[in-house]
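Bear in mind these aren't lab numbers, they're just calculated from the coordinates by the rules spelled out. In this text the structure is predicted, and so the values were computed from the model without any measurement. Because the Cβ atoms are built from the backbone with ideal geometry, glycine has one as well, and the counts that use them run over all protein chains shown.
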Amino acid sequence: MNGELAIALERIKKIKADRPVYQELMGFYEKIVKERDEYKKSLQLNQTPIPFEEHLEEVTLKEGFTLFEKEKLPFDYDLMKSYFSKLISLIKERALEQANSIEKMVKKEKGGFEKMITEALKRKDSTVQNPLLAFLLNETINPVMESYASYFQDKIKEGMWTQGYCPLCGSKPFMGVLKGEEGKRYLICERCSSEWLFIRVKCPYCGNEDQKKLSYFVVEDDEVNRVETCEACRKYIKIIDLRKINYSISYYIENIATLHLDMIALEKGYENDTHSLDAYQS
Ligand SMILES: [Zn+2]
Ligand SMILES: [Zn+2]
């Protein structure tokens, strides 16, 4: 078993024990992470590296351009479709009717599966209107993006990039972490899981730097997670304080295991337009 999968399974076990409300959902994700791991392995075996001229990287990043365009990646649709079908089988165990209707939608779609993937990448409303379909498509796309991003991860040097969107693929951050003695804030890409340093007092979504309009809330008995909010755009982002923990975590699992924080944020009238909420909405 590789490190990433082992960490995710260990976290699932711990969350199941510590937060009983998540027991059922974590049982479901236990199956997903195992499939996801197999999928990532086959993606890595079959992936064509993206050609990129070494010396252009720094210039590109300094000018605020991302290293690749997610819509133009060479996708292996056969592999993606077979994973998508595996996910549908897993959904069938929980929600048979919904899963069947998704299968019908995919069959009916004129441009087929490829078009659905493209639209999900562009966030076209027609595709993402159905949260379960959006969830399945994003779950299929993101491991591909993670796989491509792994080629470039070491190219992003601290300070090279100051934007609120991912330096590699241009997507939004779905979470953040605080680390190091000074508690520097790093954002995590909703698609390729890349991390980049981002100024602490600034909203990554609208760029607001007015301290009076930036706030956060926490819930009782949880020192590790906080929700940072922006009054200028009314968006929120979940932040994990890595300084408070001494174990490894999986951002993917942590996002799911903190859905109660999303619910509180939504109740307070904040929004999050990344797809990290698909699982909760579907
Ligand atoms: Zn990214
Ligand atoms: Zn904002």
Residues in the range 167-199 near a label at Glu158, defined as backbone nitrogen under 19 Å from the 7 Å Cα→Cβ point?
-> 167-168, 176-189, 194-199
Estimate the FRET efficiency between Tyr216 and Glu267 by the formula 1/(1 + (r/R0)^6), using the beta-carbon distance for r and 22 Å for R0, to the nearest 0.05.
-> 0.90
Using only the Cα atoms of the chain, construct the convex hull and provide its projected area averaged over every direction, in square nanometres to one decimal.
-> 15.3
Pair-distance profile P(r), taking every C-alpha pair of the range 168-278, with 10 angstrom steps and integer % | 14, 51, 33, 2
Note: Lys115 to Ala232 extended length (0.36 nm per residue) minus current alpha-carbon separation gives 38.6 nm
Counting other C-beta atoms within 10 Å, which of Tyr151, Tyr252 has the fewest, and how do the rest follow?
-> Tyr151, Tyr252
Check cross-link reach from Lys62 to the lysines: straight Cα distance under 29 Å, and skip same-chain residues fewer than eight apart.
-> Lys70, Lys72, Lys122, Lys155, Lys157, Lys172, Lys179, Lys184, Lys202, Lys213, Lys235, Lys238
Which aspartates and glutamates have a Cα less than 13 Å from the Cα of Lys40, not counting those fewer than 8 places away in the same chain?
-> Glu4, Asp76, Glu139, Glu146
Computed P(r) (all Cα pairs; the range 78-120; 5 Å bins; percent) = 5, 23, 28, 27, 14, 2
Under the 7 Å Cα-to-Cβ spin-label approximation, Arg19 and Leu45 lie apart by a distance in nanometres of 3.5
What residue among Arg191, Arg19, Arg226 shows peak mean-square fluctuation when the chain is described by a Gaussian network model with Cα springs under 10 Å?
-> Arg19
Farthest towards the positive end of the dipole of the range 60-184, among Leu61, Phe152, Leu132 and with Cβ unit charges of +1 on Lys and Arg and -1 on Asp and Glu, lies the Cα of Leu132
Charges only on Cβ, +1 for Lys and Arg, -1 for Asp and Glu: so what's the dipole of the chain about the Cα centre, in debye to the nearest 20?
-> 420
Equivalent ellipsoid semi-axes - Cα gyration tensor, the range 3-154, angstrom | 29, 22, 14
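By count of other Cβ within 10 Å, fewest leading, how are Cys189, Cys203, Cys233 ordered?
Fewest-to-most ranking of Cys189, Cys203, Cys233: Cys233, Cys203, Cys189.
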Please give the calculated 222 nm ellipticity per residue for the chain, where each DSSP H segment of at least 4 residues contributes -39500 (n - 2.57) and the sum is spread over every residue; nearest 500 deg cm²/dmol?
-> -15000 deg cm²/dmol
Mean separation of Cα contacts under 8 Å (at least 6 apart) over the residue count of the chain, i.e. the relative contact order in percent, is 17
Counting other beta carbons within 10 Å of each Cβ, put Glu71, Glu267 in order, fewest first.
-> Glu267, Glu71
For the chain, built as a Gaussian network whose Cα springs stay under 10 Å, the top-fluctuating residue of Tyr148, Tyr77, Tyr205 = Tyr77
Once you've got the GNM for the chain with C-alpha springs shorter than 10 Å, pick whichever of Leu197, Leu73, Leu178 has the biggest mean-square fluctuation.
-> Leu73
